[in-house]
Amino acid sequence: MLSFKQSSKNLFALSAVTLILAACGGGSQDAKQAAAVAPLPIQATPASNDVMVFTGKRSDYGITRLGSTYVVSDIRGVTTPVSVPANIKVLQFADFRVNLGIADKAGTLSTTSLNNLLDLYVAFFNRVPDADGLSYWIDQVKAGMTEAQIAESFYQVALQSPTLTGYSASMSNDDFIRIIYKNVLGRSGLTAPTSAEIDYWSSQLKNGVPKGSMVRAILVSAREYVNDPVWGWVTKLLNNKLDVANYFAVQQGFSYLTLNDNITKTMAIAAAVTSSSTSAALDLIGYKDGYASTGNYGTPESLAGICTPAGEKNWVRAHLDDVYLWYRDIIDVPKANYSTPQDYFDALIVKSKDRFSFTSEQGSIDDYFNSGEDVSFGFNLTRNNGGIRVRYVTPGSPADLAQIKRGATLVSVDGSAIGSYLTDAQYDATYPTKRETHSFQVLDNGAFAPRTVSMTAATVTTAPVLQNQVLTVNGKKIGYMVFNDHIRTAETPLVSAITSFKQAGISDLVLDLRYNGGGYLYIANELSAMIGGVKTNNQIFEQLQFNDKHADQTADNISYFYDTDTKNRLLPQLNLSRVFVLTGSGTCSASESIINGLKPFMQVILIGDTSCGKPYGFIQTNNCNTAYFAIQFAGVNSQGKGDYTNGFTPNCRVSDDLNHQLGDTSESRLSAALNYANTGSCPASSFSPAPPPEAFDPIKDREPRPWKNIKLLRANSPQFR
């Protein structure tokens, strides 16, 4: 390590930037305020009994956290893995010191407070923080020092090294503003601030705003331009510098071994960041690891399969930090507050943006998407008109054998009267997870009294294409297909149905997706390609956008409309100019991708109710027999459109009609589509006020199979199929 007595050249750090650049000690509030004028002594190097030294570079080792302990593995195989004693605070390698406590400490601050600290390093010194210095300032925040006081301290220390920072006590207000724009916003030369901008901020200084606070205000203002076509790049630059700062100091816990390196190299790293890339900055760091190594979590790979409560929770945190679309917005919560990894996962999900991520038992999901098998009675239920009614029944299921039809109302289960929603006991009986027998009272459509049926739950194989037929209306042949599940076994019946429609020479297609919650995205692509035909050949169906840690996946996942199935057989093509899609709140995810993917190439006429609004998707990731579904990507069509989080609004709003069977031309939504096909407009009845659907209630409308409502890529595949 460089001695502080070696040369006067390096002593500037002691007298000028000690407080910020090297992290200093200090106790009282008076001492903190005095630091703005006279920097305190440099913080002592960690005591030798707090440091464990390794001879190789950081990249030669893997660090895994297990509960409160760490294991360091030599990936070269030179030494055997070693457990880190509890007293060790720092791991020292040939190129970096790693602060083991920084991520835990950073986790005690809100994301906003931590980011504000990181921003100040960039703003005043154009550098990313080292972990040791950042640790000091986190302590000051926890001790009660305000952000305004910290910003003013940064500014006062910046004044003491004008050649390094560009700030000086003698500079004019206008020059001060220009330096802020250069350091904070990257705006100089052709993008330098205008006279109007300088005058505005300069007037704030004249009105008594402290210069440290001025920097904070400009940072806040700059982040409001995130979507601005002219200045949006500034926000991107700030965010990229923030990401690199977080990666270096918090995720990796890095500090360089010498004071000189800790200043000059971190400045070079910040200078290498651009508004479009962090690659050059990461190259300068010289250690690329997409995951935190010293924080509340290790790498997903190193923690996978450690099936203890602590190990699984650590994996959950690492997994989300790696793949979650909104990983930056996660607010850390204490793992100890959650009894299961599934509860911890749910607590970390960003609820303001994400109402879809979930976990489930792995085996059931695998069985369903591979074979369509699921233990159930085979009916699909909904709350309707103050009761629980049947939407459809799977052929051959216990409900079908009991002659339960669409529109029937469940009156009681096991002698317990059913109200407007299922109680916990009724829910468990209605949606069993194993073979068991229950008694139901069922009121059939048109019946005056209920009948009693006893059913035993069984392994039911779903029919993804529940119904397909050719209807003749006013001399026109119109195809009608009820498609309910984007699963592997859907491919063959979809191809068969489209082939029959093509052979019949249909002029229109009514695609009933009202109950289709999604599934495999490649199935949605195949069906869309068969409907669109030649006009979609060699066109983009959907492009997936992953988080910025996985730009390679975003580049890889551009899916063109398929012309063959998974066995490389040519798909039939209808070559239609329009398609009618029956929608509802259950039309979700991969089903919405069909709508969005076809819109640039043909008229897509929606009949029914607003779709669920889910342009997001998953790659199922399993750990310790639990399947985790964290939103990993958003999808856009060939025109770059994919912002339908509020759902697709129907052209003709028509209530779901449970009093008629699916496929009955008198059923309201199908009837409206047939009327539109004939007249070119919605039926008059669709404009009459209809009773609003009951609002979704997370208790009353619990989804027994949430994994049916997804947009899913096959695991471990860079492409759609």
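The values are calculated or read from the model by the stated rules, or taken from the named source; none is laboratory data. None of the values given here were measured: they were computed from a predicted structure. Cβ: placed from backbone, ideal geometry, glycine included. Neighbour counts: every protein chain shown.
Just to be sure, is TYR287 crowded, with 22+ Cβ neighbours inside 10 Å, modelled with pLDDT under 80 and assigned to a loop (DSSP other than H, G, I, E, B)? No; evaluated as a whole, the condition is false for this residue.
Could you give every pair whose Cβ atoms fall below 8 Å, whose first residue belongs to the range 500-514 and is in the same structural domain as ALA590 (by TED's automatic domain parsing) and touching a residue at least 24 places away in the same chain (Cβ under 8 Å), and whose second residue is surrounded by fewer than 24 Cβ atoms within 10 Å (Cβ to Cβ) and basic (Lys, Arg), counting only separations of at least 6 or pairs across chains? Listed pairs, sorted by first residue: ALA504/LYS477; GLY505/LYS477; ILE506/LYS477; SER507/LYS476; SER507/LYS477; ASP508/LYS476; ASP508/ARG578.
For the range 498-537, the tally of residues that are in contact with a His (Cβ under 9 Å, 6 or more places away or on another chain) and polar (S, T, N, Q) stands at 1. Only a single criterion out of (1) in contact with a helix residue (DSSP H, G or I) (Cβ under 6 Å, 6 or more places away or on another chain); (2) free of Cβ contacts under 8 Å to residues at least 60 places away in the same chain; (3) part of a helix (DSSP H, G or I) is not satisfied by ASP657, namely (3). Evaluate the following for TYR431: is it within 30 Å of PRO341 (Cα to Cα) and either out of contact with any Gly (no Cβ under 9 Å at 6 or more places or on another chain) or of a type in the set (Gly, Ala, Ser) (or both)? It is true that TYR431 is within 30 Å of PRO341 (Cα to Cα) and either out of contact with any Gly (no Cβ under 9 Å at 6 or more places or on another chain) or of a type in the set (Gly, Ala, Ser) (or both). Checking each residue of the range 454-462 against the condition of being assigned to a loop (DSSP other than H, G, I, E, B) and of a type outside the set (Val, Ile, Thr) gives at least one match.
Checking the stated criteria, ALA524 turns out to be touching a helix residue (DSSP H, G or I) at 6+ places or on another chain (Cβ under 7 Å) and in the same structural domain as ILE558 (by TED's automatic domain parsing).
Would a scan of the range 531-549 turn up a residue that is under 24 Å from ALA672 (Cβ atoms), in contact with a strand residue (DSSP E or B) (Cβ under 8 Å, 6 or more places away or on another chain) and surrounded by 19 or more Cβ atoms within 10 Å (Cβ to Cβ)? Yes, the range 531-549 contains a residue that is under 24 Å from ALA672 (Cβ atoms), in contact with a strand residue (DSSP E or B) (Cβ under 8 Å, 6 or more places away or on another chain) and surrounded by 19 or more Cβ atoms within 10 Å (Cβ to Cβ).
In the range 520-531 there is at least one residue matching the filter, namely being at pLDDT below 95, over 30 Å from ASP414 (Cα atoms) and not hydrophobic (A, V, I, L, M, F, W, C). Within the range 203-222, restricting attention to residues that are surrounded by 15 or more Cβ atoms within 10 Å (Cβ to Cβ) and among the basic types (Lys, Arg), which residue is nearest to TYR155 (Cα to Cα)? By that ranking, first place goes to LYS211.
Residues that are modelled with pLDDT of 75 or more and either polar (S, T, N, Q) or over 14 Å from LYS211 (Cβ atoms) (or both) within the range 165-180 comprise SER168, SER170, SER172, ASN173, listed in sequence order.
For (1) in the same structural domain as ALA457 (by TED's automatic domain parsing); (2) of a type in the set (Lys, Arg); (3) in a strand (DSSP E or B); (4) modelled with pLDDT of 95 or more, each residue gets a yes or a no:
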| position | (1), (2), (3), (4) |
| --- | --- |
| ARG383 | yes, yes, yes, no |
| ILE388 | yes, no, yes, no |
| ASP400 | yes, no, no, yes |
| GLN403 | yes, no, no, yes |
| LEU422 | yes, no, no, no |
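With respect to the conditions (1) surrounded by 21 or more Cβ atoms within 10 Å (Cβ to Cβ); (2) free of Cβ contacts under 8 Å to residues at least 40 places away in the same chain, ALA457 falls short on a single one, namely (2). For the range 491-519, a tally of residues being under 23 Å from LEU570 (Cα atoms) and either of a type outside the set (A, V, I, L, M, F, W, C) or at pLDDT below 95 (or both) returns 12. Please tell me if VAL333 is of a type in the set (Val, Ile, Thr) and at pLDDT below 90. Considered against the rule, which asks whether it is of a type in the set (Val, Ile, Thr) and at pLDDT below 90, VAL333 comes out as yes. Among residues of the range 89-105 that are modelled with pLDDT of 90 or more and buried (at least 23 other Cβ atoms within 10 Å of the Cβ), those with a Cβ under 7 angstrom from a residue that is part of a strand (DSSP E or B) and aromatic (Phe, Trp, Tyr), sequence gap 6+ or separate chain, pair up as PHE96/PHE254; VAL98/PHE254. Restricted to the range 572-603, and to residues that are among the aliphatic types (A, V, I, L, M) and surrounded by fewer than 24 Cβ atoms within 10 Å (Cβ to Cβ), which residue is nearest to ARG514 (Cα to Cα)? This residue is ILE595.
Residues that are touching an Asp or Glu at 6+ places or on another chain (Cβ under 7 Å), surrounded by fewer than 21 Cβ atoms within 10 Å (Cβ to Cβ) and of a type outside the set (Ser, Thr, Tyr) occur at least once in the range 421-437.
For the range 233-271, the candidate set comprises residues that are surrounded by fewer than 18 Cβ atoms within 10 Å (Cβ to Cβ) and in a loop (DSSP other than H, G, I, E, B); within that set, the residue that is modelled with the lowest pLDDT is THR258. Residue under question is LYS641, and the condition is that it be of a type in the set (D, E, K, R) and touching a residue at least 60 places away in the same chain (Cβ under 8 Å); does it hold? Answer is no for this residue.
Counted as qualifying within the range 527-630 are the strands (runs of 3 or more DSSP E) with 1 or more residues that are more than 30 Å from LEU670 (Cβ to Cβ), namely 540-546, 558-560, 616-619, 621-623, 626-629.
Residue under question is LEU109, and the condition is that it be within 29 Å of the chain's Cα centre (by Cα), assigned to a helix (DSSP H, G or I) and touching a residue at least 12 places away in the same chain (Cβ under 8 Å); does it hold? When the stated conditions are applied, LEU109 does not pass them. Check the range 474-490 and report whether any residue there is closer than 30 Å to ILE594 by Cβ, part of a loop (DSSP other than H, G, I, E, B) and more than 33 Å from the chain's Cα centre (by Cα). Yes, the range 474-490 contains at least one residue that is closer than 30 Å to ILE594 by Cβ, part of a loop (DSSP other than H, G, I, E, B) and more than 33 Å from the chain's Cα centre (by Cα). Just one of the listed residues (ILE177, ILE198) is part of a helix (DSSP H, G or I) and out of contact with any Ser or Thr (no Cβ under 8 Å at 6 or more places or on another chain), namely ILE198.
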